[in-house]
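Read-outs: derived from the displayed coordinates by stated rules, not from any lab. Keep in mind that what you see is a predicted model, and the values were worked out from it rather than measured. Virtual Cβ from ideal backbone geometry, glycine too; neighbours counted across all protein chains shown.
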Amino acid sequence: MGQPPTTLRDIAKSLGTSIGTVHRALHDNPGVSPETKARVLQMARSLGYRPNLAARYLSSRKTLRISVNTLQGATSFWDEVRTGIREEAASILLENVEIEFRTCPRLGEGEEAALEAAIREKVDGIIIFPSRPETLRAAIKRASRARIPVVCVATDAANSGRLGIVAVDTLASGSIAADLMGRFLNGRQGSVAITLFEMAVTEHAEKYAAFESTLTAFYPNLKLLKPIEDHDVEKEAYRKCRKLFEEHPDLAGIYVTTEASIPVLQAARDANLLDKLTVITTDLFPDLVPHIRSGAVVATIYQRPRAQGQMALRMLHEFLAEGARRSHQVSLAPHLVMRGNLDFFLRRQSEELERERVPTVREAMQDLAEDLA
């Protein structure tokens, strides 16, 4: 496989300047000094830049319409994904980017209709969370034939003709959770449980497979029970976990792969088992923080939702505006958050958010002033 084509972003990054400046220099627009123009042209030549679809979009200053089909969610995960998409859209200065959010209330409800609506309205691109890929595969193929690229986020719809997938590394997540579980239990014998949405969801099936294989290989003293499918419904998660705890009072640990960790913790507390369980959860949201501080949750595996949103839109935009085909699959390394690094992690997140917001606004104002000069 050959090298992916060089993009405006590559040139800008190499020079430490904005994409807007690179674009103006390459198109001989006013507002760029001769020295800067010479540097941009030299870097473009050295990197082998060849404009292709960019000319059509950038010359017309087309407004790109992107449909974002995601889930409402029970925690802040999907809010963070959408925030990442908005931030990435705000950083794109060469076109107007209109984001049309089509948000499904629950997993599997309305996602097919949302995808059909986006295709019917002939949007320029689609970001989708395909919770039930088997029901969406035909529509995604139809979108591809209509030249509407589709990027999956969080979970994949393989063999659908989609442009790409951005997700956390699910195999790494499951393996890390299993290794942590075994180490915290420190040679104890007993049963371990795992909750997931359902095995039909690629993301959760992969986490389960990695968790199971790591336990089997390194901690044969631990027996993995049949997975609990809670469909990300809090009442269902609570009810099924109460039944689990009643049937297995000697349960040693539980790995929660979904957003529904709070009802699992509540069920353990009501069964007087919380202080006896090793609990590993997924993601980080305000209601979970005190449980990590108290030690009720020994670790949570953060899936970096804001980065997932940013990179999904970046992949889509680079294809639409520049014809770039980066990697069809971006796997983000998960972040492991524990009591010891919780405050550092939260503080770093806050600082990164502030650092990213300020330059984006400043750069936008600077480029707008140059455009009007």
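Taking a straight line from the alpha carbon of residue 13, these lysines sit under 27 Å away, with near neighbours fewer than eight places off in the same chain left out: 37, 62. Using a/c under 1.5 as the rounded threshold, could you call the stretch 207-258 rounded, prolate or oblate? The axes a ≥ b ≥ c are square roots of the C-alpha gyration tensor eigenvalues, and prolate needs a/b larger than b/c, oblate otherwise. Since a/c reaches 1.5 but b/c is at least a/b, the shape of the stretch 207-258 is classed as oblate. Helix 133-145 and the longest principal axis of the Cα set of the chain meet at an angle near 10°.
Only Cα sites of the stretch 114-220 enter the Debye sum here, all with the same form factor; the resulting log10 I(q)/I(0) across q = 0.12, 0.16, 0.22 1/Å is -0.51, -0.72, -1.05, listed in q order. You can think of it this way: the chain between residue 250 and residue 209 has 12.4 nm of extra reach, that is 0.36 nm per residue less the Cα-Cα gap.
Can you compute the FRET efficiency between residue 134 and residue 72 using 1/(1 + (r/R0)^6), with r the Cβ-Cβ distance and R0 = 30 Å? Round to the nearest 0.05. Write down the numbers at each step before the final one.
Numbers: r = 22 Å, r/R0 = 0.73.
Calculated value: 0.85.
May I ask you to derive the FRET efficiency for residue 339 and residue 42 from their Cβ-Cβ distance with R0 = 41 Å, giving the value to the nearest 0.05?
On the way: r = 51 Å, r/R0 = 1.24.
The calculated FRET efficiency here is 0.20.
The long axis of helix 170-185 is offset from the longest Cα principal axis of the chain by roughly 30 degrees. All C-alpha pair distances within the chain, sorted into 20 Å bins from zero, spread as 27, 50, 21, 2 percent across the bins.
Okay, helix-only estimate at 222 nm for the chain: each DSSP H run of n ≥ 4 adds -39500 (n - 2.57), divide by all residues, round to 500 deg cm²/dmol; what do you get? It would help to have the intermediate numbers written out before the result.
Details: 14 runs with 188 residues, N = 373.
Estimated from H runs of four or more residues: -16000 deg cm²/dmol.
Here the chain carries DSSP beta bridges of which approximately 5% are antiparallel, counting only pairs with both residues inside. Placing dummy labels 7 Å off each Cα toward the beta-carbon, the span from residue 225 to residue 63 is 5.4 nm.
Under 5 Å between amide hydrogens, built in the peptide plane, is the criterion, and for residue 329 it picks out 165 among residues at least 5 positions away or on other chains.
Relative to the dominant Cα principal axis of the chain, helix 77-91 is inclined by about 10°. Quick one: grab the alpha carbon gyration tensor of the stretch 272-315, order the square roots of its eigenvalues as a ≥ b ≥ c, and give me rounded if a/c is under 1.5, else prolate or oblate depending on whether a/b is larger than b/c. Taking the square roots of the gyration eigenvalues as a ≥ b ≥ c, the stretch 272-315 is prolate. Couplings 3J(HN,Hα) of the stretch 214-225, computed from phi: 5, 4, 4, 6, 10, 9, x, 6, 9, 9, 8, 7 Hz, in residue order, whole Hz [Karplus 6.51 cos²θ - 1.76 cosθ + 1.60, θ = phi - 60°; x for Gly and Pro]. With contacts taken as Cα pairs under 8 Å at a separation of at least 6 residues, the stretch 188-317 carries a relative contact order of 23 percent. Spin-label model, residue 328 to residue 159: label points 7 Å out along the Cα-to-beta-carbon direction sit 1.3 nm apart. If you run the Gaussian network model on the chain, springs between alpha carbon atoms under 10 Å, then out of 273, 336, 15 the most flexible one is 15.
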